[in-house]
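J.: Structure below; questions to follow.
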Amino acid sequence: MKTSDTDNKKLNQQSTAKALLERSIREIKNLKQKLKEHDLKIKELDLKIVELELGKNGPIAIVGIGCRYPGGIIDPDSFWESLKEAKNGITELSNERWDMDVFYDPKPQTPGKMYTKAAGIIDDPEYFDADFFGISPREAETMDPQHRLLLETAYEAMENAGYASASLSGTRTGVFIGIASSDYAHLASRFGEPEQIEPWNGTGNAFSAAAGRISYLYNLKGPSIAVDTACSSSLVALHYACQSLRSHESDCALVGGVSLLLNPGASIIFSGAGMLSKSGACRTFSDDADGYVRSEGAGMVMIKRLADAEKAGDNILAVIRGSAVNQDGKSQGLTAPNETAQIDVINAALIDANIKSEEVGYIEAHGTGTPLGDPIEIAAIQHSYGRNRDAPPLVVGTVKTNLGHTEAAAGVAGLIKLTLALKKGQIPAQLHFKQPNSHIDWQDGSIVIPTELTHWPLSAKLQTQPDTRKGGLSSFGFTGTNAHIILESYPRIPDHKSTPEEYSQDIISQDFISQDKDNHQLVALSAKTPKALDELVDRYQLLMGKTMGETDEPTDLELLSYSTLVGRDHHKYRLTFTVDSDQQWRDYINRYNQHESTPHFEGHKTKSALKIAFLFPGQGSQYQGMGKGLYQRFSAFREIIEYCELQLAELCDISLKNLLWGDESSQLNQTHYT
């Protein structure tokens, strides 16, 4: 029977409606897909905004420290011990730096004289291992000893951070140095003869070379800048290093400052101005404060973006949350401090850190101990940190009472003290504080000066977060450039590397991870001379003895092996041990130092070191269990095996791991599987 025209029309209408519906469904699906794509783009843009904000004022990690300061301070440990024991690094000079019989007169403002013998000096700044840094003895003689100190502390900061200098070669690592005195060059021009001037005198004394030589020596490709803002130089250098990291101009930075007392001229100038302490101490915030004591030293820190430091598993000592720099402008005088400018720089740093002033528990003050400067600084601190403050009060101190005023190296000295205090959760005592300065308003009780080792104060709102500590740090240049930094403790110590068991839980099955795996670890020590190698072994022995006195926990042999193999440069003279227990490691070191027989290998690197290749041939060398030890212990090897297993899945009906180490390992000798 023929379909009527009406029926055909209905069918056509239904077909058209169905086509329209299907098109609408497709359009809706396309619209949904576009909405998803737009949503993803919005999320990507949001992430970029967050990244830009983090880049603008993101946290910066301090991962390494090197230092030399008065009182026998040669590293972070001795720095903290000196602070903890409230040691005074100030001494009375005889002729260590210049002839005091010629330049000393107790009467103030005597022309050509200084009225104090007090100073903070470091041990043996004239000694320098030029060969270690690849510098000829003749060039080393023309180099300002400040440059030599910077080379030493830069190397130590990298090593303290667990980075072999070679691993930074070619990277965007910046060098930012605070340096403000030219005593060595002045001595040469005053006492040297014109015919003694050599080309090395230029590179040996220029401020730019203080930073540039470090970059040159280690092939560092980031900015290399010397900063002179007088006493605030090293903290200003830190501020601009943080800016460089946040803008991704640098991926890592070495930041420090240095100052040596080699020429009596500056001390004569400051004596004439009445700025130096007649009593021979920085009596900061005390009523008997009478000026500061000049000192010398060098400090260096290695810093990275916090996210990068966490990803690399670095030992994060503290976190820089914010920083600011400004200038007094036209105030009471070129060298007079300015309260308004100090308030402004503190508030700018708090804004940069995005924290509230009441969260800060301690301020490491500039605190030179002058009758004019101390009241102005405390007034600025009270204005910025003391208002609306809940108990406990803000603690304020300064490292200058321990070390004196190290001028261009003073900011980084305060930074190291604050970093260590944050890490330890303790605030060292302030020395020479007797009666509170009568020109300071202490009535509101918002500020206290610590006279003994003190636990870090926490506001009531932070009692549930005992690991969260924040501190501020000020440094003011005598020509008006001010800097303020906000630091925070880092509560979590990240693992340097996961154990095979931890790795396997997330990535692989534990079927092939043996719980009774071989624990032998290779410890590799090296130095540039046999004597230096022996001294290095002595230091390890001393470190082990100190560790045993502080804790009963055994040495982390994997971390020890990793640090000596990866975290240090490898030099010509070498000593290696293979150990499987903490006790064995201690025993070998002790026996070696006592010249007793131990299973070790001694040798030295030849000039033409040969490259080594590992050859893994195919058929004829296979055996059951091959590579299992590598798979158990090394993530890089595991990742390759996992990749290979995926690639071979279509060609082989047996899992690669089963074939190598499992129930099917007997098939390994079959040609097809081999």
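The values are calculated or read from the model by the stated rules, or taken from the named source; none is laboratory data. Quick caveat, the model's predicted, so the values are computed rather than measured. Glycine also receives a Cβ, built like all others from the backbone with ideal geometry; neighbour counts cover every protein chain displayed. Remember, those area values only see protein heavy atoms, side chains included, never the ligands or the DNA or RNA. Shrake-Rupley method; radii C 1.70, N 1.55, O 1.52, S 1.80 Å.
J.: Just to be sure I understand: of the beta bridges DSSP finds with both ends in the chain, what percent are antiparallel, rounded to 5? Write out the running numbers ahead of the final one.
T.: Details: 51 of 75 bridges.
Of the beta bridges lying entirely in the chain, close to 70 percent run antiparallel.
J.: On to the next question. What is the pair-distance distribution P(r) of region 404-448, computed from all Cα-Cα distances in 10 Å bins starting at 0, with each bin given as a whole percent?
T.: Computed distribution, short to long bins: 21, 36, 39, 4.
J.: While we're looking at this one, here's another question. Search the structure for amide H atoms under 5 Å from the amide H of I65, placed 1.01 Å from N in the peptide plane, and list their residues when 5 or more places away or on another chain.
T.: The answer is N160, A161, M302.
J.: Please determine, in degrees from 0 to 90 and to the nearest 10, the orientation of helix 5-57 with respect to the longest principal axis defined by the Cα atoms of the chain, where the helix direction is its Cα long axis.
T.: Helix 5-57 sits at roughly 20 degrees to that axis.
J.: Sorting check: for 72-79, 222-229, 331-338, 593-600, which peptide has the highest mean count of neighbouring beta carbons within 10 Å, and how do the rest follow?
T.: The peptides rank, most packed first, as 222-229, 72-79, 331-338, 593-600.
J.: If you fit an axis through the alpha-carbon atoms of helix 145-160 and take the longest principal axis of the Cα set of the chain, what angle between them do you get, 0 to 90°, nearest 10?
T.: 30 degrees
J.: While we're here: Check which residues have an amide H placed less than 5 Å from D144's amide H, if you skip close sequence neighbours.
T.: N205
J.: Which FRET efficiency, nearest 0.05, do H248 and N12 yield, Cβ-Cβ r, R0 60 Å?
T.: 0.40
J.: Is there a pair in K87/K423; K423/K531; K424/K528; K113/K330; K221/K423 whose C-alpha atoms are over 28 Å apart, and which pairs would that be?
T.: In this structure, K423/K531; K424/K528; K113/K330; K221/K423 lie more than 28 Å apart at Cα.
J.: Can you send over the carbon and sulfur percentage of the accessible area for the chain, probe radius 1.4 Å, protein chains only?
T.: 53 percent
J.: Further, regarding this structure: So what J values fall out for region 475-488 if you push phi through Karplus, 6.51 cos²θ - 1.76 cosθ + 1.60 with θ = phi - 60°, rounded to Hz, Gly and Pro as x?
T.: With the stated coefficients, region 475-488 comes to 8, 10, x, 6, 9, x, 8, 10, 9, 9, 10, 10, 10, 9 Hz.
J.: How high is the FRET efficiency from D131 to S169, r the C-beta distance, R0 35 Å, rounded to 0.05?
T.: 0.95
J.: Highest mean first, what order results for 440-450, 285-295 on Cβ atoms within 10 Å?
T.: The packing order, highest mean first, is 285-295, 440-450.
J.: For a test of the definition: using alpha carbon positions, the gyration tensor, and the 1.5 limit on a/c, classify the chain as rounded, prolate or oblate.
T.: Details: a/c = 2.26, a/b = 1.44, b/c = 1.57.
It comes out oblate by the Cα gyration axes.
J.: Hey, can you grab everything whose amide H is under 5 Å from the amide H of V227? Only 5+ residues off in sequence or another chain; H modelled, so Pro and N-termini drop out.
T.: I177, G178, I179
J.: Calculate one ³J(HN,Hα) per residue across region 317-325 by plugging θ = phi - 60° into the Karplus curve 6.51 cos²θ - 1.76 cosθ + 1.60, and present them in order as whole Hz with x for glycine and proline.
T.: Residue by residue, region 317-325 yields 8, 6, 10, 7, 8, x, 7, 7, 9 Hz.
J.: What does the C-alpha gyration tensor say about the overall shape of region 335-442? Classify as rounded when a/c is under 1.5, otherwise prolate if a/b is larger than b/c, or oblate.
T.: rounded
J.: T110 to S78: FRET efficiency via 1/(1 + (r/R0)^6), r the Cβ-Cβ distance, R0 35 Å, to the nearest 0.05?
T.: The computed FRET efficiency comes out at 0.40.
J.: Related question: Quick one: grab the alpha carbon gyration tensor of region 554-674, order the square roots of its eigenvalues as a ≥ b ≥ c, and give me rounded if a/c is under 1.5, else prolate or oblate depending on whether a/b is larger than b/c.
T.: Here region 554-674 falls in the prolate category.
J.: Mind pulling the angle between the C-alpha long axis of helix 582-593 and the longest principal axis of the chain? Nearest 10 degrees, somewhere in 0 to 90.
T.: 50 degrees
J.: For region 406-420, in order, what is each residue's ³J(HN,Hα) by Karplus, 6.51 cos²θ - 1.76 cosθ + 1.60 with θ = phi - 60°, in whole Hz (x at glycine and Pro)?
T.: Ordered by residue, 3J(HN,Hα) equals 8, 6, 5, 9, 6, x, 6, 4, x, 4, 5, 4, 5, 4, 5 Hz.
J.: Quick check for you: with a 1.4 Å probe and neighbouring chains kept, what is the accessible area per residue of the chain, in Å²?
T.: I get 51 Å² per residue for the chain.
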